[in-house]
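The values are calculated or read from the model by the stated rules, or taken from the named source; none is laboratory data. All of these numbers come straight from a predicted model, not from anything done at the bench. Here the Cβ is made from the backbone with ideal geometry for all residues, glycine too, and neighbour counts use every protein chain on show. Heavy atoms of the whole protein, side chains included, go into the accessibility calculation; ligands, DNA and RNA do not. Shrake-Rupley method; radii C 1.70, N 1.55, O 1.52, S 1.80 Å.
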Amino acid sequence: MAQVLVAILAGFVVAIPSTFWLLKKVRIKSKVRHFQVSLALGLPTALFIYLLQTRFALPIVIITVVLSLLVVALELSLRRLVAKLTAYRVGLGNGKFGFGVAFEEARAAAGAYPDDYMTKDFWLEKQEFMKSCSLHKADFIAKNVSGLPVNSFKMHAGIDFQSPNYGMCQGVRNTTDVPGVTDIKRLTLLGGSTVLCEEVPDRLTNASILQRFLNEAKQNIQVINYGASGATSIDRVRMLLELSDAIEGDYVVFYFGVNDSGLHINTLVTIQQLTWIAVRALKALSELGLETARWLYGELSPHSFRKFSRAAVTDTIGALNEAHEYCVSRGAQMVAILQPNLYTLRTKSQYERQLEKRYSIDMRTLVLDAYRRYEEWVKETPYAVSATHIFNNATAPVFLDWCHVNARGNEIVAKFIFEELQRRGMLSSDSKL
């Protein structure tokens, strides 16, 4: 009896503080959850300590030591592998472009089309532009005393920046070649960073290229770039509603999908409500630098992460339907375009195949699960269309990372938008490229 009491006491002396530390790491405050985890840790620990007091002590110690050595060996092997991969990526250039791609690597993939815009001066301008945006966002968040989720539209609204390749006024990136006339319709292009197009100069964003297509087709329409880094369609819908009568009788295009796959979920659900606690614990341990935990997290998390994509899709579709009803009430015409990404690309170059290997299984799971649902919705929604196929059989690589594209990609996107507007009869009958 004494052995049992000692084992239970020692087990929970270890388990209770460990539980508080672990749940603090994964941001859980529920007392019921603390009790459950304390039991889950305390009982096995107590059993282990009890067995150490019996004739099974020697085999238990041997098994524990062997398993510990195997875990240490796995951890060291994973760290060595990760170190080699990191050294390879860092050695490709100075600084990163997009999601972890070296600037020189991205420049080589862009292939100097339509010209060699990725110069040293352009790179330095890009850094200054991103720095200016980051400082403004940080200042906005610091002043957000309401405690409510940050409104991305309002956060970006005060950003002003001007340089030879980057221009932004009140959070709206410059669209070049806008016709200098007074009686002009507007095309409001809404999306995340894939509309903002930080990876190219003003003249090569998909908004600017679309503007030139419209000019060439003699369409008296001004394209306004309402792209914002990290913005979801839900955020852009909120922004659209705040534009009030600015879209009266005009055109509205949502370029959606990437940020709407659960990667930035912050709407009706939270990570704490969706993810199994063991998965969150592995995530917390991986953030401490444990490669074994990071590997296990990558293997187990996709099963939980499908919940993120389902929630994101439901909320996004609801927001887009709300936007469409609003546009109809204002006499505006709206199109929602499901954007392509690296995982929807069926004909990948060698560069793009290598890119795909760099990103976690979490991202692939989220995106593909969400896109399967979006594709089904698009087929039955008159105001929506899928553009996931537009980069198939491209003459050269278009992706700079898993979702951002180079100037060649922006040209293909702009052409698709133009032709979709034309197909829907939203442009005059003499519109030709």
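In Å², what does the accessible area per residue of the stretch 117-201 work out to with a 1.4 Å probe?
Per-residue accessible area for the stretch 117-201 comes out at 50 Å².
Taking the Cα of E375, stepping 7 Å toward and past its beta carbon, and measuring to each backbone N in the stretch 400-427: which are under 14 Å?
none
For semi-axes √(5λ) of the Cα gyration tensor in Å, the listed values are (i) 39, 25, 17; (ii) 52, 33, 18; (iii) 49, 25, 20; which was obtained by calculation from the structure presented?
It is the one labelled (iii).
Show that you can apply the helix-only estimate: for the chain, add -39,500 (n - 2.57) for every DSSP H stretch of four or more residues, divide by all residues, and state [θ] at 222 nm to the nearest 500.
-18500 deg cm²/dmol
How much of the accessible area of the chain, in percent, comes from carbon and sulfur atoms when a 1.4 Å probe is used?
Result for the chain: 60 percent of the exposed heavy-atom area is carbon or sulfur.
Counting only C-alpha contacts under 8 Å and six or more residues apart, can you give the relative contact order of the chain as a whole percent?
16 percent
Any idea how far apart E216 and N321 come out in nm if each label point goes 7 Å out from Cα toward Cβ?
3.9 nm
Pairs to check: K131/K185; K29/K154; K126/K307; K185/K415. Give those whose C-alpha atoms are more than 28 Å from each other in this structure.
Pairs exceeding 28 Å: K131/K185; K29/K154; K126/K307.
Sort 315-328, 120-133 for me by packing, meaning the mean count of neighbouring Cβ atoms within 10 Å per residue, highest on top.
315-328, 120-133
Relative to the present Cα-Cα distance, how much length would full extension add between Q127 and Q36 at 0.36 nm per residue of separation?
Result for the pair: 28.0 nm of gain on full extension.
As I understand it, the value is the acute angle between the Cα axis of helix 361-379 and the longest principal axis of the Cα atoms of the chain; what does it come to in degrees, rounded to 10?
Its long axis makes an angle of about 40 degrees.
Please compute the modelled spin-label separation between S349 and F56, points set 7 Å along Cα→Cβ, answer in nm with one decimal.
Between F56 and S349, the label points sit 6.0 nm apart.
For N392 and E420 in the same chain, what is the full-extension length gain: residue separation times 0.36 nm, less their Cα-Cα distance, in nm?
This chain segment gains 8.3 nm when fully extended.
So which aspartates and glutamates can K357 reach, going by Cα to Cα under 15 Å and dropping same-chain residues fewer than 8 places off?
Reachable aspartates and glutamates: E299, D401.
Ratio of alpha-carbon Rg to the 2.2 N^0.38 Å globular estimate for the stretch 318-433, to two decimals, please.
My calculation over the Cα atoms of the stretch 318-433 gives 1.20.
Quote to one decimal, in nm, the extra length available between Y113 and L368 on full extension: 0.36 nm per residue of separation minus the C-alpha distance between them.
That pair, Y113 and L368, stretches by 88.8 nm at full extension.
Relative to the longest principal axis of the chain, what angle (0 to 90°, nearest 10) does the C-alpha long axis of helix 57-90 take?
In the chain, helix 57-90 runs at an angle near 20 degrees to the longest axis.
Give the angle, between 0 and 90 degrees and rounded to the nearest 10, that separates the Cα long axis of helix 206-216 from the longest principal axis of the Cα atoms of the chain.
In the chain, helix 206-216 runs at an angle near 20 degrees to the longest axis.
State the volume of the convex hull built on the alpha-carbon positions of the stretch 322-389, expressed per residue in Å³ and rounded to an integer.
101 Å³
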